[in-house]
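Asks: Dropping the structure in here first, questions after.
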Amino acid sequence: MTRIAIDPSRSLGRLDRQVFGGFIEHLGRCIYGGIYDEGSPLADERGFRKDVLGLLRELRPGVLRWPGGNFVSNYHWADGIGPKDARPRRPELAWGAEEPNRFGTDEFLEYCAELDTEPYICLNMGTGTLDEALAWVEYCNGSGRTAWADRRRANGRAEPYRVRYWGLGNEMYGDWQVGALSAEEYVRTATRWARAIRMLDPDARLVSCGMNGWNDWDRIVIDGLAPLVDMHSLHIYTGSDDYWTNVLQPHQAERAIRCAAALIERASYTKKIASPPRIAYDEWNVWFRTDDGTLEERYNFSDALAVGTYLNIFVRNCRWVRMANLAQLVNAIAPVVTTGQAAVTQPIYYPVLMHVQAALDIAADVHVDGPTVSPLGAGHHSRWPHRVADLGPFGLVDAAATTSADRHRLAVTLVNRAESEPETARIELRDTEFDGPVRVATVTAERDRGRRTLADVAGVHRTEGTEASHGPAVSVELPPQSFTVLEADLQG
Ligand code: AHR
């Protein structure tokens with residue numbers, strides 16, 4: 001049995017809905033054939049796939065990052081505005097494709113409005129210039145009679161878009177990045193960019209380009225840019241054919257957050273920064289199977305357990321993590337997959353959906369006491385170089401909780417990683433009691449695969465019910481390899 005003690009009055013901080021953000025990149029079929037499919041009977045008159053939009057709307061992403069990713073480092077945004085047939089087709093260096101530029105800034109920002117999400121644009125620090133970046137900000141946000149603001153008006157948008165989030169480059173440390181820089185070069189360039197962008201748009205929220213949280217790159221960049229940015233970004237991808245490695249590796253994110261937070265704390269102290277930057281996990285996911293320029297990863301349910309754990313981690317660490325972007329949303333390493341005829345969901349869609357639907361205002365401290373797993377030796381089969389074997393042991397059940405601001409409602413998200421046995425979770429509240437039965441929704445791996453039309457996409461099995469509470473306690477049986485959400489009313 002796993003006992004989970006929750007004290008709703010012990011707040012870990014306000015949960016920012018932007019931790020349920022997404023990311024779409026011009027890569028494979030993410031944009032073209034995914035988000036945007038001109039001429040498809042499933043698309044609206046703007047070319048937006050309605051079935052995809054419907055599935056993404058359910059995920060209510062708090063923020064949407066675009067246009068890359070590696071793609072952005074050779075993207076000239078001005079190619080993607082104005083009459084579509086006059087837009088140039090360009091070689092695309094990051095993924096070895098061609099960019100038709102039919103989906104550009106106005107299409108992206110219209111898509112964000114349609115999805116009711118905040119745009120987050122990553123700037124091209126590879127082949128792009130500061131001038132070009134300033135022009136992009138001016139095009140989106142300028143309210144004066146300046147040339148780029150007028151271009152926006154001429155293209156049909158009178159009001160400024162008020163894009164707040166701007167990323168200072170993507171993964172500028174990597175040799176796979178067009179125009180990669182050393183950490184020192186990056187700090188020098190990004191400092192110039194940050195100052196100029198702020199002069200043009202004082203409301204801009206800037207995100208520095210981080211690595212994994214514990215690298216020297218992060219240390220140098222945080223030291224150099226912490227006074228100038230609102231967030232420092234981290235990226236993490238994990239995954240392995242080995243079940244335990246796959247489900248436990250997301251805990252690397254917890255170390256990354258601790259390390260990056262410590263670097264930020266140090267910089268804030270030495271540089272006397274009154275409001276230090278927070279962390280944007282602006283790319284995260286399971287990804288280890290495909291590296292072919294399409295990244296059309298087919299997910300199974302152990303990946304869904306990892307995704308549920310990542311979101312638990314972001315909830316628990318919401319004091320530091322203010323934004324997180326599932327990479328990506330459609331076709332490329334994505335919860336939603338399209339064909340010409342349909343859009344379907346992969347197993348990783350469901351923990352995201354259930355987290356989003358359940359999450360309340362404030363993260364509450366959760367103490368888990370139960371069987372643990374030690375990932376001894378785990379990590380050997382992983383494509384990714386970071387290890388998990390030096391961390392742990394980890395609870396067999398991973399838990400996070402949120403409460404409403406008035407503390408009358410509670411939501412608990414539980415990942416049971418036991419491979420073949422159910423595990424009883426007993427929730428015990430401190431200083432309050434449940435008010436009535438607890439609503440329980442669980443997903444496990446699909447049992448009846450025969451009914452699927454798209455044979456290569458796995459589904460999930462979902463059950464819903466209620467469990468009687470007893471004063472401050474409720475016991476729930478978690479099936480093996482399951483993700484469960486409990487939602488409860490609490491006595492006032
Ligand atoms: O999301 C796929 C790729 O992963 C992104 O383009 C890049 O930023 C990261 O390496």
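The values are calculated or read from the model by the stated rules, or taken from the named source; none is laboratory data. For clarity, every value in this text was computed on a predicted model and none was experimentally measured. With ideal geometry, Cβ positions are generated from the backbone for all residues, glycine too; neighbour counts draw on all protein chains shown. Surface areas here come from the heavy atoms of the whole protein model, side chains and all, with no ligands, DNA or RNA. Shrake-Rupley method; radii C 1.70, N 1.55, O 1.52, S 1.80 Å.
Asks: Looking only at residues in the stretch 60-92 that are surrounded by 19 or more Cβ atoms within 10 Å (Cβ to Cβ) and assigned to a loop (DSSP other than H, G, I, E, B), which one is nearest to the ligand (Cβ to nearest atom)?
Replies: Ranking the candidates gives 69 first.
Asks: Now, a different point. What's the number of the condition residue 407 fails, among (1) of a type in the set (Lys, Arg); (2) surrounded by fewer than 16 Cβ atoms within 10 Å (Cβ to Cβ); (3) at pLDDT 95 or above?
Replies: (2)
Asks: Criterion first (in contact with a strand residue (DSSP E or B) (Cβ under 9 Å, 6 or more places away or on another chain), more than 16 Å from the ligand (Cβ to nearest atom) and not acidic (Asp, Glu)) does residue 307 satisfy it? Can you show your working first?
Replies: Details: in contact with a strand residue (DSSP E or B) (Cβ under 9 Å, 6 or more places away or on another chain): yes; more than 16 Å from the ligand (Cβ to nearest atom): no; not acidic (Asp, Glu): yes.
The answer is no for residue 307.
Asks: Given the options 40, 9, name the one that is modelled with pLDDT under 95 and either more than 17 Å from the chain's Cα centre (by Cα) or under 20 Å from residue 170 (Cβ atoms) (or both). Explain how you work it out, then say what you get.
Replies: Working: 40 fails: modelled with pLDDT under 95.
Only one candidate qualifies: 9.
Asks: Out of the residues in the stretch 207-230 meeting the condition of being touching a residue at least 40 places away in the same chain (Cβ under 8 Å), open to solvent by less than 10 Å² (accessible area, probe 1.4 Å) and within 16 Å of the ligand (Cβ to nearest atom), tell me which one is nearest to residue 308 (Cα to Cα).
Replies: 213
Asks: Out of the stretch 193-206, which residues are assigned to a loop (DSSP other than H, G, I, E, B) and either open to solvent by 10 Å² or more (accessible area, probe 1.4 Å) or under 30 Å from residue 305 (Cα atoms) (or both)?
Replies: Here is the first cut: in the stretch 193-206, the ones assigned to a loop (DSSP other than H, G, I, E, B) are 201-204.
If the condition is that a residue be assigned to a loop (DSSP other than H, G, I, E, B) and either open to solvent by 10 Å² or more (accessible area, probe 1.4 Å) or under 30 Å from residue 305 (Cα atoms) (or both), then 201, 202, 203 are the ones that fit.
Asks: Follow-up question, since we're still on this one. Pairs needed: first member in the stretch 149-178, touching a residue at least 60 places away in the same chain (Cβ under 8 Å); second member anywhere, among the hydroxyl-bearing types (Ser, Thr, Tyr) and open to solvent by 10 Å² or more (accessible area, probe 1.4 Å); C-beta distance under 7 Å; at least 6 residues apart or different chains.
Replies: Listed pairs, sorted by first residue: 178/127.
Asks: Taking the stretch 15-59 only, how many residues are more than 16 Å from the ligand (Cβ to nearest atom) and in a loop (DSSP other than H, G, I, E, B)?
Replies: Qualifying residue count for the region: 13.
Asks: (1) modelled with pLDDT of 95 or more; (2) more than 16 Å from the ligand (Cβ to nearest atom): which one isn't true of residue 246, the others all being true?
Replies: Every condition holds for residue 246 apart from (1).
Asks: How about the stretch 126-138: which of its residues are in contact (Cβ under 8 Å) with a residue 60 or more places away in the chain and open to solvent by less than 10 Å² (accessible area, probe 1.4 Å)?
Replies: We begin by selecting, within the stretch 126-138, every residue in contact (Cβ under 8 Å) with a residue 60 or more places away in the chain; these are 130, 133-134, 137-138.
Of everything in the stretch 126-138, those that are in contact (Cβ under 8 Å) with a residue 60 or more places away in the chain and open to solvent by less than 10 Å² (accessible area, probe 1.4 Å) turn out to be 133, 137.
Asks: Further, regarding this structure: Look at residue 139 and say whether it is more than 27 Å from residue 39 (Cβ to Cβ), within 19 Å of the chain's Cα centre (by Cα) and of a type in the set (Phe, Trp, Tyr).
Replies: On the way: more than 27 Å from residue 39 (Cβ to Cβ): yes; within 19 Å of the chain's Cα centre (by Cα): no; of a type in the set (Phe, Trp, Tyr): yes.
Taking the combined requirement at face value, the residue does not satisfy it.
Asks: Turning to a different aspect of this structure: Step by step: first the residues of the stretch 154-179, then only those that are open to solvent by less than 60 Å² (accessible area, probe 1.4 Å) and outside any loop (DSSP other than H, G, I, E, B), then the one that is farthest from residue 138 (Cα to Cα). Which residue is that?
Replies: So, considering only residues that are open to solvent by less than 60 Å² (accessible area, probe 1.4 Å) and outside any loop (DSSP other than H, G, I, E, B), the one farthest from residue 138 (Cα to Cα) is 167.
Asks: Now for a separate question. Run residue 110 past the list (1) assigned to a loop (DSSP other than H, G, I, E, B); (2) more than 14 Å from residue 170 (Cα to Cα) and report the number of the one that doesn't hold.
Replies: With (1) assigned to a loop (DSSP other than H, G, I, E, B); (2) more than 14 Å from residue 170 (Cα to Cα) applied to residue 110, the lone miss is (1).
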